[in-house]
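Engineer: A single structure is presented below for examination.
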Amino acid sequence: MQLEILLAHRYKSSTMCVVSYTMVAMVLGLVPCLIFSIINQESIDPFLIPIILYLVIAGLLATLFKLPEIVRPIDGLIMIAAMWIVAIFAGSVPFIISGMNIVDAIFESTSGITTTGSTIMTDISEQPSGILLWRSVTQWIGGIAIILIFMLIMPMVGFNGRELVGNETSGSGTSNFSIKLGDAAKQFILIYLSLTAVLVILLLILGMSFYEGLCLSLSTISTGGFMCKGDSVISYGVAIKIVVMAFMFLGGTNFYLHFKTIYKHRATDCIQNEEFRTMFLINMIGIVATILIACNSMLLETEHKLTEYVDVAFNVVSASTTTGFVASNYDNWVPGAIILLFVVMIIGGSTGSTSGGLKVGRLIVSLKYIHNSFKEMLHPKAIYDIRLNKTNVEPSTVSVSITIIILFFLTIITGTSVLMLLGIDFQQAIAMIVANLTTFGPSIDPFGAIGNYHDLEWFTKIFLSVVMWLGRLEILTGLILFTPGFWREYMRSRRAGS
């Protein structure tokens, strides 16, 4: 009876509820890692202890708080920030218990939750199977969180136009928040689960072990890049690489298009979608151009030509979707090919996907804005609308797109300057910032395709963790949390709501 009374008088807090959901998600992710540890007779402490701890925290929060019917934009941003921070620190606990120092554990967890793929591990093949699976699980959890946030929550708080996201629950203001979020979340989670399951089955058919197939699938659909082998996917055959390449592209595609294909049986919408067509074209041009540059010395060879071309195509798609897998060591490519790889990395995948980068949709909108600016100079009295997928793009969406692009390059400049002050040379500094800001992960040698970030100083690792976090929050959302005006507005809204 007392519990029923307590539940009836719970406080309304979207932030605490999201923290509770995050704890539950982490527990669900820890369970398979615990099972693999038991099967392989490894220590279960890194998973059993967090499971008990997170269940207790989730239970207490669920007892004290409930989700409000109305969520204000300012609360939505706090909710998003809290979810990422809690997930990162919760994700680091198994690494710490397994013997990793705190800074390295936070770096690895941040890389996982933000689906970046940067790692400090030097001997991946020697790590316990449960820990390696946990790395992939953190990316899978981070991937579904990205989809739910940027397709459902961000449009509701006004930071993403529905023209870019394409979700019918977008732009719905703050009314019926919990109902809309709950229904839509189930649909997108099912799609995410289905794509993961299909990829696992295909990899098993192609001869991969269940453990490796599971790790690879979790990191592929989330466009994360962690793998339970030190050479990523280099040692696998052409068939496996082609299948993984296709699913990386699906992971980098707007998940609302997957929703319309599966639930509404409108597969033709993909072809009609301007962003999807542009993303496909960018990948095709990137693949052809990189093959011509990187494989110029291979054109007269015949024995391994197909394998080499597939490897180049794989690396381009991995960069375009900011996944972070590598099929060959691109550090051995000529500089022009490496630069091209970083260009497609900066462009990134589609909005509403698990990919990072600027996003193709924003690039389209910004280029159309520039084109209209030229036309307005010739015809000052004319009014030109920006249209995407036959829909007028709201001025606020255009403004946000351009702002994010500007902040993106300012962050690259600032981040590169900071790393240079920390003693890293210019080439490595800018490559590291771009790789981690776009959530791709691997940079250039010695932090490149088959390298790691282990030898960096602790403060450099913390700085790169912040860069990964900013890149995952698409910069604007992250930077606004550091402005005094945001917190003044937050305190004002709290007083008004009390």
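Engineer: Give the range 54-70 a look and list any residue that's touching a residue at least 40 places away in the same chain (Cβ under 8 Å), part of a helix (DSSP H, G or I) and open to solvent by 30 Å² or more (accessible area, probe 1.4 Å), or say none.
Structural biologist: Passing the criteria: Ala62, Thr63, Leu64.
Engineer: Lys305 passes all but one of (1) under 24 Å from Leu203 (Cβ atoms); (2) free of Cβ contacts under 8 Å to residues at least 60 places away in the same chain; (3) touching a helix residue (DSSP H, G or I) at 6+ places or on another chain (Cβ under 7 Å); (4) not hydrophobic (A, V, I, L, M, F, W, C); which number fails?
Structural biologist: All conditions are met except number (1).
Engineer: Residues of the range 364-393 being in contact with a strand residue (DSSP E or B) (Cβ under 7 Å, 6 or more places away or on another chain) and open to solvent by 30 Å² or more (accessible area, probe 1.4 Å), which ones?
Structural biologist: Asp385, the sole residue that qualifies.
Engineer: Going through Ile85, Ile39, Ile52, Ile35 one at a time, which residue ends up being closer than 19 Å to Ala145 by Cα, at pLDDT 85 or above and out of contact with any helix residue (DSSP H, G or I) (no Cβ under 6 Å at 6 or more places or on another chain)?
Structural biologist: From the options Ile85, Ile39, Ile52, Ile35, the qualifying one is Ile85.
Engineer: Select from the range 210-239 the residues that are surrounded by fewer than 20 Cβ atoms within 10 Å (Cβ to Cβ) and either without any contact (Cβ under 8 Å) to a residue 40 or more places away in the chain or of a type in the set (A, V, I, L, M) (or both) and list them in ascending order.
Structural biologist: Once the filter is applied, which keeps residues that are surrounded by fewer than 20 Cβ atoms within 10 Å (Cβ to Cβ) and either without any contact (Cβ under 8 Å) to a residue 40 or more places away in the chain or of a type in the set (A, V, I, L, M) (or both), the range 210-239 yields Phe210, Glu212, Ile234, Ser235, Gly237, Val238, Ala239.
Engineer: Okay, next question. Please determine, by comparing only the residues of the range 102-126 that are without any contact (Cβ under 8 Å) to a residue 24 or more places away in the chain and open to solvent by 10 Å² or more (accessible area, probe 1.4 Å), which one is farthest from Ile38 (Cα to Cα).
Structural biologist: Only one residue tops the list, namely Ile102.
Yes/no per residue for (1) touching a helix residue (DSSP H, G or I) at 6+ places or on another chain (Cβ under 7 Å); (2) modelled with pLDDT of 95 or more; (3) not in a helix (DSSP H, G or I); (4) not aromatic (Phe, Trp, Tyr):
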{"site": "Leu214", "(1), (2), (3), (4)": "yes, yes, no, yes"}
{"site": "Cys228", "(1), (2), (3), (4)": "yes, no, yes, yes"}
{"site": "Ile234", "(1), (2), (3), (4)": "no, no, yes, yes"}
{"site": "Met248", "(1), (2), (3), (4)": "yes, yes, no, yes"}
{"site": "Thr253", "(1), (2), (3), (4)": "yes, no, yes, yes"}
{"site": "Tyr256", "(1), (2), (3), (4)": "yes, no, no, no"}
{"site": "Asp269", "(1), (2), (3), (4)": "yes, no, no, yes"}
{"site": "Asn283", "(1), (2), (3), (4)": "yes, yes, no, yes"}
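Engineer: Here is a further query. Which residue out of Gly91, Gly99 is at positive phi and either open to solvent by 40 Å² or more (accessible area, probe 1.4 Å) or modelled with pLDDT of 95 or more (or both)?
Structural biologist: That would be Gly99, the only listed residue that is at positive phi and either open to solvent by 40 Å² or more (accessible area, probe 1.4 Å) or modelled with pLDDT of 95 or more (or both).
Engineer: Regarding the range 240-260, can at least one residue be identified that is charged (D, E, K, R), open to solvent by 20 Å² or more (accessible area, probe 1.4 Å) and in contact with a Gly (Cβ under 9 Å, 6 or more places away or on another chain)?
Structural biologist: yes
Engineer: Filter the range 305-324 for residues that are more than 24 Å from the chain's Cα centre (by Cα) and of a type in the set (D, E, K, R); which is surrounded by the most Cβ atoms within 10 Å (Cβ to Cβ)?
Structural biologist: Glu308
Engineer: Sticking with this one: Within the range 394-447, which residues are open to solvent by less than 20 Å² (accessible area, probe 1.4 Å) and small (Gly, Ala, Ser)?
Structural biologist: Result: Ser401, Gly415, Ala429, Ala431, Ala435, Gly441, Ser443.
Engineer: Let me ask you something else. Quickly run through the range 23-53 and pick out the residues that are of a type in the set (Val, Ile, Thr) and outside any helix (DSSP H, G or I).
Structural biologist: Matches in the range 23-53: Ile44 only.
Engineer: Pull up the range 448-474, narrow it to residues that are among the aromatic types (Phe, Trp, Tyr) and open to solvent by 10 Å² or more (accessible area, probe 1.4 Å), then point me to the one that is nearest to Gly143 (Cα to Cα).
Structural biologist: Among them, the one singled out is Trp469.
Engineer: Restricting the first residue to the range 249-274 and requiring it to be more than 23 Å from Ala313 (Cα to Cα) and hydroxyl-bearing (Ser, Thr, Tyr), which pairs with a second residue that is buried (at least 22 other Cβ atoms within 10 Å of the Cβ) and at pLDDT below 85 meet a Cβ separation below 8 Å and a spacing of at least six or different chains?
Structural biologist: Sorted first by the residue in the range 249-274, then by its partner, the pairs are Tyr256/Met151; Tyr256/Val165; Tyr256/Gly166; Tyr256/Asn167; Tyr256/Gly352.
Engineer: With (1) farther than 28 Å from Ser109 by Cβ; (2) surrounded by fewer than 15 Cβ atoms within 10 Å (Cβ to Cβ); (3) touching a residue at least 24 places away in the same chain (Cβ under 8 Å) as the list, and Arg492 as the residue in question, which single condition is left unmet?
Structural biologist: (3)
The values are calculated or read from the model by the stated rules, or taken from the named source; none is laboratory data. In this text the structure is predicted, and so the values were computed from the model without any measurement. Using ideal geometry, Cβ is built from the backbone for each residue, glycine included, and neighbour counts are taken over all protein chains shown. Side chains included, ligands, DNA and RNA excluded: accessible areas come from the protein's heavy atoms. Shrake-Rupley method; radii C 1.70, N 1.55, O 1.52, S 1.80 Å.
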